[in-house]
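Trainee: My questions all concern the structure below.
The values are calculated or read from the model by the stated rules, or taken from the named source; none is laboratory data. Nothing here was measured: the structure is a model prediction, and the numbers come from that model. Glycine gets a Cβ as well: all are built from the backbone with ideal geometry, and neighbour counts include every protein chain shown. Heads up: the accessible areas ignore ligands, DNA and RNA and are worked out on the full protein's heavy atoms, side chains in. Shrake-Rupley method; radii C 1.70, N 1.55, O 1.52, S 1.80 Å.
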Amino acid sequence: MKEKNKNTGELLRDTLDMLILKALSRGAMHGYGIAEVIGQASEEVLRVDEGALYPALHRLELRGLLTAEWGVSENNRRAKYYRLTAAGRRALGEESARWGRMAAAISRVMETA
Amino acid sequence: MFERSTNVWLRLKALFNRRRLDRDLDEEIRFHLAMREQKQREMGLSTEAARYATQQRFGNVTLVKERTREMHTFLTVESLWQDVRWAARGLRKSPGFLATVVLSLALGIGANSTMFSVINALMYRPLPYFDPGSLMVIWEFEQGHPESEEGPPIAELVDWNTQNHVFEDIALTSDTEGEPMAGLGEPEMIHQQFVTPNFFSVLRVKPVLGRIFSKGEMQDRSQAVVISHSFWEERFSKDPKAIGKAFQIAGVESTVVGIMPSGFAPFYGQKIDLWVPINPESARYSERKDRGWLMPIGRLKPGVTRGQAQVEMNLIERRLEQEYPRSNTGVRAKVLPLQEAVFGWARALYPLLGAVAFVLLIACLNVANLLQSRTEARRKEQAIRGSLGAPRRRLIQQVLIESGLLALLGGTLGVGFALLGIQLFRNLAENFPNTGAISIDGRVLLFTLSVSLLTAMLFGLGPAVQASRPDLNATLREGGHRTSAGARGRMRNVLAVSEVAFAMVLLIGAGLMINTVLHLTQVNPGFDPTNVMVARISLPEGGKYLERVPGGDMEKVTPLVTAFYRRLLEKLSVVPEIESVGMMSGMAREISFSVLGHPAPPPENRPSAVYQEASASLLETLRIPLKKGRFLRDSDRENMPWAAVVNETFARRYFPNENPIGQRVLLRHESYHVDEERPREIVGVIGDVRTFGLRENVPPMVYSSYLQQSAIYPGGCVLSHLSQDVVARLGLGSSSQNNFASIIKKAAQKIDLDQPVTTIMAMSRHLADSIDDFRLIMRLLEIFAGMALLLAIVGIYGVMSYFVSERIHEIGIRMALGAERWNVLALVTKLGLKLTVIGVATGAVLAVWLARLITRFLYGVSPADPTTLVVVGLVLATIALLACYIPAHRATKVDPVLALRHE
């Protein structure tokens, strides 16, 4: 079960991680906010199962790319806010560069082929 | 890329803050859902539609929570721990189930650990010497007869040590031998080993005090001895001044030169008091006729393999064959690891390990059956968890953890049982070697752990597989009612049949052994052992009884020997408690012979027999039947023609068509190829006697009077003259079995103050001891079979009870429709009978097939003994049917109304 996840979900998961980091580059945000940002920015094309955000957020936190603390939301509710750490910022840099290279490469292939 | 660094600290924290983490996560997700719902409503959806859309977008909440929680765990350690707690809680709630399972497993595992500890102490635990792996025994054997393992002639050790390049050093050691000691309190037998001076350095032991033997040191008129730590404690109270103290061993002045560290005891863990040096370079051994009584031990040079050593020894043996054709023609050598050489025989115990494995297997089947019922009862719970999104992996893990937990509990308790089992084994196996070393060590614990986990796999696999395919819809819809009862019913039947079959195998094993022991105890010893006591007296080899003949390995006995024994017999014969007293050689030995007037036998194939000296009174004392002629007489003296008496086997084998009486034979001491100085005339034939032990076949025997012996003996042959077993028949009704010991000791010391008497015991006890191994195996198999029977009964009872409870509905209908009690009884009993009969039959086939493995322990009974098969089969079937009867009886008491209402 675990193995299967790894093979088929690897790309998706890493991409989701990257999108989360990107969303948080604007500042601290709660999970719902991140989902909204990703949805809106991609004009609702990238609409992941919102639930899938949470394992990813906790994973990134545990890896030290994010920190989290409880705060109060815009409508006065307790919410958990995530923020990039220095390591997270670095990872985002690396990832987006890599992504850029890859996207360019893919589109070149698609155009020429 | 994000995989690399993980914050271990956070994970640890999460592990301990489990509850808070859960609360936080709940709140986080609740917040998300609330926000999304609000947003949907703002977009104009109804409350209901908004909730629905939110659910749609979010996905399975339970699953998300579970996945997220998993992020906080070390791989799955934490979920494991959670399942362990969950399982523990579940088990606590059903103490009956828990107790039954753990107890059956503990019995099975404990029995296995016990047997393993026994074998471990002999075969697996490294011997307690430095680098024991490089210690090898080098046996010689006759070409074509690799089983004829013998030590080399003593002088050959010098050739081995100078010619080989593979051993650092090779030493010789004798078995532990009893010798009379005097000059240190009460005369007593001490246990000594003859060793070459390099023996201690080969084993790499250093004395705690004093020195070890120096090269060339040897026994002569006086000798140096190295004493064991326990002897030092017993005799010298650990006084350092023991070094230099002198006393007599077998009449030889012996001076203590060194003391070994405590616990040093080659090689069987028996009692050892001291070591006496042998010098292989001595001229005494130059004749090379003293093959066979010493064991060579070599230490391999670093990096040399056993194979290389073997090649080298082959080469050396060829060379020796050229150089010493007389002693070495056709002689080869084989190199064996020390442990193998000393304890390899313990492999014979493997079938017992197999037997306990069967016990455990039955226990496992029982547990599998119980677990099956439990799993079925919890199918609904599983199905709910499954539909709520618990991954199947978790469901399987859950079941496996429960079985693992049960197995570990069983294993732990099993270690406790093993402790008891070892104690029990020691009590059962008095004469078993090295029982003191049997203990629970790391290896046994590891074995127990592995066995426990293996059993968990065995009995947990079935339920786990079921948990992996929860038929959610069916289970939930049927409200937990049992589905596909047919398939699982068959499964149960297979379990019950297997249990009966395995129990049958063990019962037959036990039955065969009981038969064997019965046969052995009914073996006619050829004499009447009632009220007969036996005591051994060994006159010392040094001192006044023996003179060494210069040159060669010959010894001359002084007339004091016969004088001693004649006076002893005289003294004992007037003791009122003793009805009759006789004597025979304590050490019988091998002779070959030629018959005067018959063609000379081929030298390599001479007729042989076993030889014992005897007193004239032996026949009467032991009540041995005289078949022909006369027995030895006290008038058979030195100056009369030498007489001999043979047993029936001898007469039958060597004089099948002639009258043995009047034949004259010239006896030859083996293996020294030295003839007696005068021929003996056969004057009588007596019945076969089994004084050596009940299981032995009676060899052809020759008896001669202790008064008619040559004065000069080659090598160790003199022992059959020096060492005698005194047998005495006590008067009926005399309570003097214990008195006998003091009577004979007093008598011996009246003649020679320093003379000890040893191994004083009842003849019947001696005979019983001779079949000790058989008794031990019988007892063990009895115990195992008893356990198997008990477990199998519990098993079949469980299966039948389940069958009844499952059919309670059906039984109710039948009874409502007018079925009689006996119809119901028949319904249940029919199944019980079927299972039992199939089980017994399968078991019988399996048992006959497996009994080949214990053939060597069987005597007078064939592995497929039909009586044993039938009797055991009937007994087992009866007991199994009784176990069926209780559930069957209960079935007849079913109230149809209640049964039909039962959902």
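Trainee: Using label points projected 7 Å from each Cα along Cα→Cβ, tell me how many nm separate B:Arg821 and B:His598, to one decimal.
Mentor: 7.9 nm
Trainee: Which one of B:Gly151, B:Phe564, B:Cys884 is farthest out on the positive end of the charge dipole of the protein assembly as shown, using unit charges on Cβ (Lys, Arg +1; Asp, Glu -1) and the Cα centre as origin?
Mentor: Selected residue: B:Cys884.
Trainee: Of the options B:Leu632, B:Ile138, B:Thr516, report the single residue whose Cα projects farthest towards the positive end of the charge dipole of the protein assembly as shown (beta-carbon charges: Lys, Arg +1; Asp, Glu -1).
Mentor: Highest projection toward the positive end goes to B:Thr516.
Trainee: A follow-up question, please. Hey, for a label at B:Asp26 modelled as a point 7 Å past Cα toward Cβ, could you say which residues of region A:46-89 have their backbone N under 17 Å away?
Mentor: Output list for this probe position: A:78-80.
Trainee: Something else now. Could you sort B:Thr54, B:Thr329 by accessible area so the largest value comes first, with the probe set to 1.4 Å?
Mentor: Of B:Thr54, B:Thr329, the descending order of accessible area is B:Thr329, B:Thr54.
Trainee: Report the one residue of B:Pro607, B:Ala501, B:His673 whose Cα lies farthest in the direction of the positive end of the charge dipole of the protein assembly as shown (charges on C-beta: Lys and Arg +1, Asp and Glu -1; origin at the Cα centre).
Mentor: Value computed over the given set: B:Ala501.
Trainee: Turning to a different aspect of this structure: For Cα pairs less than 8 Å apart in space and 6+ apart in sequence, what is the mean separation divided by the residue count of chain B, i.e. the relative contact order in percent?
Mentor: 15 percent
Trainee: To the nearest 10 square angstrom, how much accessible area does B:Asp754 have with a 1.4 angstrom probe?
Mentor: 80 Å²
Trainee: Once the Cβ-Cβ distance between B:Leu853 and B:Gln308 is put in as r, and R0 is 30 Å, what FRET efficiency do you end up with, to the nearest 0.05?
Mentor: 0.30
Trainee: With every protein chain left in place and a probe of 1.4 Å, what is the accessible surface of B:Glu620, to the nearest 10 Å²?
Mentor: Result for B:Glu620: roughly 130 Å² accessible.
Trainee: Let me have the 222 nm mean residue ellipticity of the protein assembly as shown computed from DSSP H runs of 4+ only, each contributing -39500 (n - 2.57), with the sum over all residues rounded to the nearest 500.
Mentor: That calculation yields -17000 deg cm²/dmol at 222 nm.
Trainee: Ignoring ligands, DNA and RNA, how much accessible area is buried between chains A and B, both sides summed, with a 1.4 Å probe, to the nearest 100 Å²?
Mentor: 3300 Å²
Trainee: Going by the alpha-carbon gyration tensor, a ≥ b ≥ c the square roots of its eigenvalues, is region B:745-903 rounded (a/c under 1.5) or, if a/c is not under 1.5, prolate (a/b greater than b/c) versus oblate?
Mentor: Verdict is prolate for region B:745-903.
Trainee: Let me ask something additional. For region B:35-52 and region B:397-438, what is the centre-to-centre distance using only Cα atoms, to the nearest Å?
Mentor: Each part reduced to its Cα centre gives a spacing of 65 Å.
Trainee: Can you tell me the length gained on complete extension of the stretch B:Lys206 to B:Gln55, counting 0.36 nm per residue apart and subtracting the Cα distance?
Mentor: 46.3 nm
Trainee: Efficiency by 1/(1 + (r/R0)^6): what FRET value for B:Arg567 and B:Gln737, r their Cβ-Cβ distance, R0 = 22 Å, to the nearest 0.05?
Mentor: Efficiency computed from Cβ-Cβ geometry: 0.40.
Trainee: Here is a further query. Give me the dipole magnitude in Debye, nearest 20, for chain B about the Cα centre, with unit charges on the beta carbon: positive for Lys and Arg, negative for Asp and Glu.
Mentor: 4660 debye
Trainee: Where in chain B are the DSSP H helices whose alpha-carbon span along the long axis reaches 30 Å or more and whose Kyte-Doolittle mean is at least 0.0?
Mentor: Qualifying helices: B:95-119, B:350-377, B:392-428, B:442-468, B:485-522, B:772-806, B:821-850, B:866-892.
Trainee: How much solvent-accessible surface does B:Arg85 expose, in Å² to the nearest 10, with a 1.4 Å probe and all protein chains in place?
Mentor: For B:Arg85, solvent-accessible area is about 100 Å².
Trainee: Report the label-to-label distance for B:Ile751 and B:Leu882 in nanometres (one decimal), using points 7 Å from each Cα along the Cα→Cβ vector.
Mentor: With each label point 7 Å from Cα toward Cβ, the separation is 5.9 nm.
Trainee: With +1 on each Lys and Arg Cβ and -1 on each Asp and Glu Cβ, how big is the dipole of the protein assembly as shown about its Cα centre, in debye rounded to the nearest 20?
Mentor: Value, rounded to 20: 4720 debye.
Trainee: Could you order B:Ser801, B:Ser113 so the one with the most accessible surface comes first? Probe is 1.4 Å.
Mentor: Ranking B:Ser801, B:Ser113 by accessible area, largest first, yields B:Ser801, B:Ser113.
Trainee: A follow-up question, please. For B:Ala99 and A:Arg83, FRET efficiency with R0 = 51 Å and r from the beta-carbon atoms, rounded to 0.05?
Mentor: With a Förster radius of 51 Å, E is 0.40.
Trainee: Once you order the gyration tensor axes a ≥ b ≥ c over the Cα atoms, which shape class does region B:567-700 get: rounded for a/c under 1.5, otherwise prolate or oblate by comparing a/b with b/c?
Mentor: prolate
Trainee: Then there's this: Quick one: dipole size for region B:144-329, taken about the Cα centre, charges +1 on Lys/Arg Cβ and -1 on Asp/Glu Cβ, in debye to the nearest 20.
Mentor: Magnitude of the dipole: close to 580 debye.
Trainee: Assuming 0.36 nm per residue, please report the length gained on full extension of the stretch B:Leu454 to B:His889 beyond their Cα-Cα distance.
Mentor: The span from B:Leu454 to B:His889 would gain 152.9 nm if fully extended.
Trainee: Also: For region B:540-754, calculate the relative contact order in percent as a whole number, restricting contacts to Cα pairs under 8 Å that are 6 or more residues apart.
Mentor: RCO, region B:540-754: 30 percent.
Trainee: Then there is this: Which distance in nm do the two modelled labels at A:Ile106 and B:Ser230 give, with both placed 7 Å along the Cα-to-Cβ direction?
Mentor: For A:Ile106 paired with B:Ser230, the spin-label model returns 8.0 nm.
Trainee: How much accessible area per residue does region B:142-192 have, counting only protein heavy atoms and a probe of 1.4 Å, in square angstrom?
Mentor: 40 Å²
Trainee: Name all residues of region B:568-599 having a backbone nitrogen under 16 Å from the label point set 7 Å from the Cα of B:Leu560 along its Cα→Cβ direction, giving them as ranges.
Mentor: Inside the label zone: B:568.
Trainee: Continuing with the same structure: If you find the alpha carbon centre of region B:786-818 and of region B:183-234, how far apart are they in angstrom?
Mentor: 70 Å
Trainee: Work out, step by step, the length gained on full extension between B:Arg19 and B:Val84: first 0.36 nm times the residue separation, then minus their alpha carbon distance; give nm to one decimal.
Mentor: Length gained, B:Arg19 through B:Val84: 21.7 nm.
Trainee: Counting only protein heavy atoms, probe 1.4 Å: which residues of region B:52-71 lose 50 Å² or more of accessible surface in the full assembly compared with their chain by itself?
Mentor: Listed by number, the residues meeting the 50 Å² cut-off are B:Arg57, B:Met71.
Trainee: I've got another one for you. Which of rounded, prolate, oblate describes region B:139-179, given a ≥ b ≥ c as roots of the alpha-carbon gyration tensor eigenvalues and a/c under 1.5 marking rounded, otherwise prolate only if a/b is larger than b/c?
Mentor: Oblate, since a/c reaches 1.5 and b/c is not below a/b.
Trainee: Let me ask something else about it. Averaging sequence separations of C-alpha pairs under 8 Å and six or more residues apart, then dividing by the length of region B:749-903, give the relative contact order as a whole percent.
Mentor: After rounding, I find 41 percent.
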